[in-house]
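Readers should treat all values here as calculations from the given coordinates under stated rules, not as data from a laboratory. It should be emphasised that the depicted structure is a prediction, and the values quoted were computed from it without experimental measurement. Every residue, glycine among them, receives a Cβ derived from its backbone with ideal geometry; neighbour counts consider all protein chains shown.
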Amino acid sequence: MWLKFVWIGETKDLNLLPLEERYLKRLEHFFPCSRSFVPEIKRVRHQEKRAFRREALLLEDKISPTSYLLALDEIGREYSSPDFSRLLEELLNQGKAGITFVTGGSSGLPEQIKNGANLKWSLSSLTLPHELARVILLEQVYRAVTIVNRVPYHK
């Protein structure tokens, strides 16, 4: 199984980049991982739908049709860390080729991406900055992987 993280917009906060790198490197001990970005389309008044459509097309090019698509969404399902690890283990046992985690930019994700996702996941009922949400996503995926593999990390 492989893990792919696709994000709208590159991370600009230089304090968060090392954290992203740290968790990606840790995850690579268990699975092949990749991270890619699509540009965040500038929002022009009364043309927000157009910007979302363009972002959706760019995202679709990065999403493998054989992967399990997990989209971060503020109204998605919330999981505890142990529950998310059980979901990950189920996907492993089902023989999924890979999991693609897709995260929106400052305006969120296009509806067609969310609607096409196998699962919509909310990291928290709190509103999080999208760049911080990426770090939390990576950490929680790493935590789930360590739980599944019975590696000491989860407390």
Acute angle (nearest 10 degrees) that the helix 81-93 long axis makes with the longest principal axis of the chain, alpha-carbon atoms: 80 degrees
Shape category assigned to the range 67-155 from the gyration tensor of Cα positions, a/c cut at 1.5: oblate
Residue among GLY95, GLY104, GLY116 with the largest mean-square fluctuation in a Gaussian network model of the chain, springs linking Cα atoms under 10 Å: GLY95
Total charge dipole magnitude, the range 2-59, about the Cα centre, Cβ charges on Lys, Arg, Asp, Glu only, Debye to nearest 20: 320 debye
Relative contact order %, the range 2-148, counting alpha carbon pairs below 8 Å whose residues are six or more apart: 35 percent
Cleavage-rule hits, GluC sites (Glu not before Pro), the range 52-114, DSSP coil, Cβ neighbours within 10 Å at most 14: GLU78
Pairs from LYS49/LYS96; LYS25/LYS49; LYS12/LYS96; LYS12/LYS49 whose Cα-Cα separation, in the structure shown, is over 27 Å: LYS49/LYS96; LYS25/LYS49; LYS12/LYS96
Net dipole in debye of the chain [+1 Lys, Arg Cβ; -1 Asp, Glu Cβ; about Cα centre; nearest 20]: 140 debye
Cβ-defined net charge surrounding ALA56, 12 Å radius [Lys, Arg +1; Asp, Glu -1]: +2
Helix 130-148 axis, angle to the chain major axis (alpha carbon atoms, nearest 10°): 20 degrees
Listed candidates (1) 1.06; (2) 1.37; (3) 0.95 - label of the one calculated as Rg/Rh (Cα atoms, Kirkwood Rh): (3)
Helix-only CD estimate at 222 nm, as mean residue ellipticity for the chain, using -39500 (n - 2.57) per DSSP H run (n ≥ 4): -13000 deg cm²/dmol
Angle between the chain longest axis and helix 17-27 axis [Cα atoms, degrees, rounded to 10]: 40 degrees
Charge dipole magnitude, Cβ of K and R +1, D and E -1 - the range 91-149, Cα centre, debye nearest 20: 140 debye
